[in-house]
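Visitor: Just passing along the structure, written as structure tokens.
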Amino acid sequence: MLDISGLQILHEDNHLIAVNKPAGWLVQGDATGDTPLVEYVKTYIKIRYKKPGDVFLGVIHRLDRPVSGVVVFARTSKALSRMNALFQKREITKTYYAITAERPNPIKGHLTHYILKDKSKNVAKAYDKIGNRTKDAKKSDLEYELIGEVGSLHLLKINPLTGRPHQIRVQLSAIACPIWGDIKYGFRKPNRDGSIHLHCRSLSFEHPVKKEPVLIEADVPNEQIWNEFKL
């Protein structure tokens, strides 16, 4: 049985369950064979509700492994299909926090790039426009704002309007503001634990079944660099 003592549940009802994913955890299994978050949440449900058989849990969206924050799962097939539709129609409001060493210029803005991912290398690149070699790139939009500064640290609030692979990471890198610890996208050195300082702070949406507004928030990791901003 998996140890679920470290699982932080943020929201739970008959159709949805949300957790605060620690940096370094996979959301869904991959070639590493490491146990993903979805299996820990299934174990939690199995224990809490004394379910003898298999537990249904639908993966709606993902966070990159080194990223922390809100992840929502579906507990029913109805919720899964409806939440997938909300994401596809961009009816989910997503808010992230990121720490950078560089101050963005301007300090508030809207970024539009065309992102092309190299799946073989698991890396993406942002282009200002589509060309012959980048015809498969996907338009990517986000809004950002500088909301805090402590010494050489800069705290940005980001609202991605699209959901492309590595979008926030590659778009901030494209304006010379790589995320702290993100050596894949230009930061000068990694964090010791392999994390990056990008956190999904909140998701808000209309509940897929109850049709009520839902706001799910996750505290930032209890680490010195985050604590500098007293969030």
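The values are calculated or read from the model by the stated rules, or taken from the named source; none is laboratory data. Since we're looking at a predicted model, the values are computed, not measured. With ideal geometry, Cβ positions are generated from the backbone for all residues, glycine too; neighbour counts draw on all protein chains shown.
Visitor: Could you tell me which residue of the range 135-154 is surrounded by the fewest Cβ atoms within 10 Å (Cβ to Cβ), considering only residues that are touching a residue at least 12 places away in the same chain (Cβ under 8 Å) and of a type in the set (K, R)?
Guide: So the residue we want is K139.
Visitor: Could you please find all residues in the range 179-196 being over 26 Å from T162 (Cβ atoms) and surrounded by 14 or more Cβ atoms within 10 Å (Cβ to Cβ)?
Guide: Within the range 179-196, P190, N191 meet the criteria.
Visitor: Looking only at residues in the range 102-129 that are of a type in the set (G, A, S) and either at pLDDT below 95 or surrounded by 15 or more Cβ atoms within 10 Å (Cβ to Cβ) (or both), which one is nearest to the chain's Cα centre (by Cα)? Let's see the steps before the verdict.
Guide: Filtering the range 102-129 down to residues of a type in the set (G, A, S) leaves 109, 120, 124, 126.
Subset that is either at pLDDT below 95 or surrounded by 15 or more Cβ atoms within 10 Å (Cβ to Cβ) (or both): 120, 124, 126.
Values: S120: 21, A124: 16, A126: 18 Å.
The extreme case among them is A124.
Visitor: Here's another thing I want to ask about it. Strands (runs of 3 or more DSSP E) wholly in the range 38-128 with at least 2 residues that are in contact (Cβ under 8 Å) with a residue 60 or more places away in the chain - which ones?
Guide: Details: elements: 68-74, 93-100, 108-118, 123-127.
Correct list: 68-74, 93-100, 108-118.
Visitor: Testing H199 on (1) surrounded by fewer than 20 Cβ atoms within 10 Å (Cβ to Cβ); (2) within 16 Å of T100 (Cβ to Cβ); (3) in contact with a strand residue (DSSP E or B) (Cβ under 7 Å, 6 or more places away or on another chain), one condition comes back false. Which one is that?
Guide: Result: H199 passes all but (1).
Visitor: Let me ask something additional. Those residues that are polar (S, T, N, Q) and touching a residue at least 60 places away in the same chain (Cβ under 8 Å), I need them from the range 155-190; list them, please. Outline the logic, then answer.
Guide: At the first step, the residues of the range 155-190 found to be polar (S, T, N, Q) are 159, 162, 167, 171, 173.
If the condition is that a residue be polar (S, T, N, Q) and touching a residue at least 60 places away in the same chain (Cβ under 8 Å), then N159, T162, Q171 are the ones that fit.
Visitor: Next question. Out of the residues in the range 20-36 that are more than 16 Å from L80 (Cβ to Cβ) and in contact with a strand residue (DSSP E or B) (Cβ under 8 Å, 6 or more places away or on another chain), which is surrounded by the most Cβ atoms within 10 Å (Cβ to Cβ)?
Guide: Our first condition is that a residue be more than 16 Å from L80 (Cβ to Cβ); within the range 20-36, this holds for 20-26, 29-36.
Then keep just the ones that are in contact with a strand residue (DSSP E or B) (Cβ under 8 Å, 6 or more places away or on another chain); that gives 20-23.
Numbers: N20: 20, K21: 25, P22: 16, A23: 22.
So, considering only residues that are more than 16 Å from L80 (Cβ to Cβ) and in contact with a strand residue (DSSP E or B) (Cβ under 8 Å, 6 or more places away or on another chain), the one surrounded by the most Cβ atoms within 10 Å (Cβ to Cβ) is K21.
Visitor: Which of the residues spanning the range 191-231 are more than 20 Å from V150 (Cα to Cα), touching a helix residue (DSSP H, G or I) at 6+ places or on another chain (Cβ under 8 Å) and in a loop (DSSP other than H, G, I, E, B)? Walk me through it before giving the result.
Guide: The first filter runs over the range 191-231 and keeps only residues more than 20 Å from V150 (Cα to Cα), leaving 192-195, 200, 202-218.
With the extra rule that they be touching a helix residue (DSSP H, G or I) at 6+ places or on another chain (Cβ under 8 Å), the set shrinks to 205-206, 208-209.
Within the range 191-231, P208, V209 qualify.
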